[in-house]
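Presented below is the structure to which this report refers.
The values are calculated or read from the model by the stated rules, or taken from the named source; none is laboratory data. Note that this is a predicted model, so its numbers are computed, not measured. Note that we place each Cβ from the backbone using ideal geometry, even for glycine, and neighbour counts take in every protein chain shown.
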Amino acid sequence: MAPGKHDWKTLFIDYDVAKQRYLKAVKDHHINTGLISTNAGIQRVIKDIENKVIKTEHFVVKLRRRRKYLYQKRRTRFFRILSDEETFDTVLKHHFGLKHQHERLTISIVRKYYSVSQRNIRAALNACTRCYPQPPPPDTRIKLPGGRTWRLNIVPFAINVLPDVSNYLLVYKENMTNFVILRPIPIEFEGMVVTLLKICLEFGPPNVVLVSEKLDFYKDLLQKPVTIGFSPKITVRLIPADIIANDTAEVEAELTKWCEENENKDWDIGCHIVQLKMNTTKKKIIRFGKPTQELEIPYNLMFRGEANNML
Ligand SMILES: [Zn+2]
C-alpha cells in the first residue's frame, strides 16, 4: 500500500503547515492514547527494555533494517509504536497513496500495522492542506479523549489546617496504571467542580469513574463536565470499598510523611510533590480485579510528558 518513492513531502500539500496543524491538534486535544509520543521517548524505552530496567511482555524491541523499533504486543500480534512525527508521516503517506480519499480505509490500514489511535490518525488526516485549505474547525471531527477509568475519593485531610483551603484531599487514580493525581479541594460543591474541571482539562475527561460510596454525590459532581460539553458521558460506578481505601491510605501515609519531614508545611504544596514522587517511582501495577498481576511500568510509558509537567 506504500506510495511510490517520489518526494511526497512536497507533493500536493504544504508539508510544514500541515505538520504544525497536526502537532497543535495533538497538543490541544490531548490526543495521544498514552503510549510514547517522541522519538527520544521511544529510544529511551528501548534502552530500558534492553537493560532490563523495564520488564514487560507487552513491549518488544525488534531489529529491522539495522534499526531498532519498539512494538506493542497484543495477543499474538505486534504493532509498531510510532512517535507523533512518525504517525504524521505514516498516515499522510497512506493518505496520498489513497488519493486523499477513503478515510476509513486509511485508518484501518494504519491500525493494522501500527499502535496508534483513531483520533491520532484523524488529526493527521485533518491536517492535510489539500483536503482542508483552511484548517477544519476544532472539535467537529476530533473528540476529546476519554477512555480512561479513574478511581476517585475525596477525604478530609487535617494533619495541618490550611488557612484558605478547606481541608479536603482529592485522590484520583488511573485504574490501569495507578497514575495518581492529588489536589487540595474545597468542600463547597462549586469549588469541587472547578477543581475537577481543571483536572479534566489537563488530563482529559474520564469515561468511567469508580467510587466506593456516596454514588449520587459523585454522579452530581461529574455531571458538570458533561453538561458543559466537555465529555459525552461519564459513567460513575461503585466498587468494593477496600480498593479505594487502599488508594487513600497509601496517599495519606506519603503526605503525612512529607508534612512531618517538612515540619507541617502547607500540604497543598506537599500533595504535588508527593504526586510527582508516586508517579515517577516505578511501581507494581495492580489492576482492578486481578491483584496478582504485576507489571512495572514507568508512568511516562503510559502518559505523555516529562515528570516536571505533571505536578
Ligand atoms: Zn488530503
*Taking the stated definitions as given, is residue 255 touching a helix residue (DSSP H, G or I) at 6+ places or on another chain (Cβ under 6 Å) and surrounded by fewer than 19 Cβ atoms within 10 Å (Cβ to Cβ)?*
no
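Residue under question is residue 172, and the condition is that it be within 16 Å of the ligand (Cβ to nearest atom), at pLDDT 85 or above and either closer than 19 Å to residue 215 by Cα or outside the structural domain of residue 109 (by TED's automatic domain parsing) (or both); does it hold? Don't jump to the end; show me each part of the working.
Numbers: within 16 Å of the ligand (Cβ to nearest atom): no; at pLDDT 85 or above: yes; either closer than 19 Å to residue 215 by Cα or outside the structural domain of residue 109 (by TED's automatic domain parsing) (or both): yes.
No; evaluated as a whole, the condition is false for this residue.
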*Can you spot a residue in segment 63-84 that is within 16 Å of the ligand (Cβ to nearest atom), over 19 Å from the mean Cα position of the chain (by Cα) and of a type in the set (Phe, Trp, Tyr)?*
no
*Taking only segment 110-137 into account, find how many residues are away from the ligand (no atom under 16 Å from the Cβ) and either among the aliphatic types (A, V, I, L, M) or touching a Cys at 6+ places or on another chain (Cβ under 6 Å) (or both).*
1
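For the structure I just gave you, tell me whether residue 74 is free of Cβ contacts under 8 Å to residues at least 60 places away in the same chain, in contact with a Phe, Trp or Tyr (Cβ under 9 Å, 6 or more places away or on another chain) and under 15 Å from residue 116 (Cα atoms). Write out each step before concluding.
On the way: free of Cβ contacts under 8 Å to residues at least 60 places away in the same chain: yes; in contact with a Phe, Trp or Tyr (Cβ under 9 Å, 6 or more places away or on another chain): no; under 15 Å from residue 116 (Cα atoms): yes.
So residue 74 fails the test.
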_Which of the numbered conditions does residue 184 fail, given that it passes all the others? Conditions: (1) surrounded by 20 or more Cβ atoms within 10 Å (Cβ to Cβ); (2) within 21 Å of residue 278 (Cα to Cα); (3) under 21 Å from the mean Cα position of the chain (by Cα)._
(3)
*asked:* Tally up the residues in segment 231-283 that are touching a Pro at 6+ places or on another chain (Cβ under 8 Å) and closer than 23 Å to residue 196 by Cα, please.
replied: 6
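Starting from residues that are among the β-branched types (Val, Ile, Thr) and away from the ligand (no atom under 11 Å from the Cβ), keep the ones in segment 85-103 and report whichever is surrounded by the most Cβ atoms within 10 Å (Cβ to Cβ).
Checking each candidate, the answer is 87.
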*Look at segment 1-52 and say how many of its residues are among the β-branched types (Val, Ile, Thr), at pLDDT 75 or above and away from the ligand (no atom under 16 Å from the Cβ).*
6
*Which condition does residue 148 not pass, out of (1) of a type in the set (D, E, K, R); (2) in contact with a Pro (Cβ under 7 Å, 6 or more places away or on another chain); (3) at pLDDT 80 or above, if it passes all the others?*
(3)
